[in-house]
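Trainee: Questions regarding the structure given below will be posed in turn.
Where a number appears in this text, it was derived from the coordinates with a stated rule and is not lab data. Source: prediction; values computed, not measured. Heads up, the Cβs are rebuilt from the backbone with ideal geometry, glycines too, and the neighbour counts pull from every protein chain shown.
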C-alpha cells in the first residue's frame, strides 16, 4: 500500500500503454519487462475501453484499493492450490486402496489359501470384507473429489474478481470501491494503469486465468477417473454403473458450470481433454471390470496431473509475488 | 597415552555422527530408488494404448502421461545423484578422520613405540585398536559407497529394458548394505542405543512390503 515512491515512474509508464497498435505495444512492453521475460506479453488484450481515464486524484485512491484486492485474490489462489494438492494426494491414496481391495476380491476365488482353506466360508467372508472396504474407499474418494471441485470453483471465483470498481458517483466526497461493477463505463482496471509496479489488472487476470485453466482441465480428467474407479466392481455390474452424464454428488453440475465444465447444449459435463489439445469427444464409455494394467494406468494418470505444469504454476506465483512485494508460498 | 586415547574417543564420536547421517541418507536413497524403479516398471504398461481403458477418449493422453513420467524420472535421477554426492562426502570425512588419526601416531614428534601402541589402560582400548577401528570403518563405508554408486548407475541403464526381478534385486542390495555389518559398526563406535537404526530398517521393510503388494 505504501508504494508512494514508485508512483512517479508508474505515471510516466502510463501514456505508453494505450499505444496505437496492440502488437507494437506488446513488443515494446515485453522489452521493458526483461526481468519477467518468460511471461506472456503483459498486456496484449488491453483496449482502452474507458474513454475518459480516471482523474489522477481518483487513481491515487484507486490504486491502494486495487492492490489490497489483488493481494487477497492471489493469496486465495495460493491457498486453493494447497487445498487441491492435499485433496488430490488423499484422493490418490483412496484410489490405490480401492484398486487393491478390488483386485484382492477379484482374485479371491483363485487365491492359494494354504491351511486356511479348511476354514468354513473363509473366501466368502473375506470377499464380503473386501467389498465393505471398497465401499468405504469409494465414499472417501468421492469426498476427495468434492474437495477438489471446491478448490477449483474458489480459484475461478478469485480469478474473476481481480478488478476494483468505483462505487458511487466519482465526484462524491467519500470514494468507495467494490469488486462489483456498478457503472458501465468503469472497467475496474483503473484505466489500464499498473496496479503495482508494472502489470495492469488485465495482465494479472491473464496469468490467473492461465493458472486456473490448468486446474479446471485436470479436474475434468480426474472426474473421468473418479467415475471409472467408482464403477469398478466385481459383482452386480448394473448397480454401480455410472455414466458421464450422471451427477456424482448433488449439486455437482452447478459447481461444474461455474468452471465452464458443463455444456448447456448437451446437458452433461464437457468431455475431458488435455491442455492445448482438441478433443474429438467420443462418448465416454466405461467398463466395470478393467484389467489390472488399466487400473494401474488410471492411478498413474491421477498421480501425474498431466494438465498441471507445476513449474509454470510456481513461476506464475513467484512472478506475481515479486510484482506485489509479497511472498506467495 | 591416556590423553591420546581420549583424542581417539573424540574421533570416534565424529565418525558416529557421520554414520547417523549415513543412515538418514540411506532412508532417502531407498525411497528415491523405489520411486524411480516404480516409474521404470510402469513405463511399459504406459506405452500400450490397450491399457488406457476409458482414457482413450482423451486425445493425446498417452503421450502426455509418458512425458510427465519421464520428466519425474529425470528429476528423481538428479536427486539420486545428489544423494550419492552426499554419501561421498561422508566417506571423505571418515577418511579424513582416519588419516588424521594415523598422522597423530606416525607423524607426531613423540612417536609411540610398538609396546605403547598395545598398552591397555583400564577398560579403554589400545591405540592400535583405535587405529584399526577407524581403518575398518573407513573401508566399510568406502566399499559400500562404491557398491551403491554402481547400483544407481545400473538403475539408469535398466530404464531402457526394465526387468522387475533385476530392479528388486538391486533394491535389496541397496537395503542390505552388505559392506556394513550392523553389529560390528555399532560396537566400534560404542553406540549404545541402536533404536534409530532399527527404526530405519523397519521403515524400509515397510516400504518394500507396500511396494511389493501393489498391483500384484
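Trainee: Kindly put A:93, B:35, A:88 in sequence by how many other C-beta atoms sit within 10 Å of each C-beta, fewest to most. Please report the intermediate quantities before stating the final value.
Mentor: Working: A:93 14, B:35 17, A:88 22.
If I rank by nearby Cβ atoms, fewest first, I get A:93, B:35, A:88.
Trainee: Here's a follow-up. Find how much the distance from residue B:118 to residue B:100 grows on full extension, using 0.36 nm per residue of separation minus their present alpha carbon separation; answer in nm with one decimal. Mind showing how you got there, number by number?
Mentor: Working: separation 18, 0.36 × 18 = 6.48 nm, distance 1.93 nm.
Extra length available between residue B:118 and residue B:100 comes to 4.5 nm.
Trainee: Going by how many other Cβ atoms sit within 10 Å of their own, how do A:107, B:52 line up, fewest first?
Mentor: Fewest-to-most ranking of A:107, B:52: A:107, B:52.
Trainee: Given points 7 Å out from each Cα along the Cα-Cβ axis, report the residue A:209 to residue A:260 separation in nanometres with one decimal.
Mentor: So the two model labels end up 0.7 nm from each other.
Trainee: In nm, give the distance between the simple-model label positions of residue B:78 and residue B:153, each being 7 Å from the Cα along the Cα-to-Cβ direction.
Mentor: Each label point is offset 7 Å from its Cα along the Cβ direction, giving 2.2 nm.
Trainee: Which of rounded, prolate, oblate describes region A:197-270, given a ≥ b ≥ c as roots of the alpha-carbon gyration tensor eigenvalues and a/c under 1.5 marking rounded, otherwise prolate only if a/b is larger than b/c? All intermediate terms of the calculation are to be shown ahead of the outcome.
Mentor: Working: a/c = 4.33, a/b = 2.54, b/c = 1.70.
Since a/c reaches 1.5 and a/b is larger than b/c, the shape of region A:197-270 is classed as prolate.
Trainee: For A:297-310, what's the mean count of beta carbons from other chains sitting within 10 Å of each residue's beta carbon?
Mentor: On the way: counts 13, 5, 3, 10, 9, 0, 6, 11, 1, 10, 2, 1, 1, 2.
Mean number of neighbouring Cβ atoms from other chains: 5.
Trainee: Could you give me the percent of Cα pairs per 10 Å distance bin for region A:80-129, shortest bin first, beginning at zero and ending with the bin that holds the maximum distance?
Mentor: 23, 34, 20, 15, 8, 1
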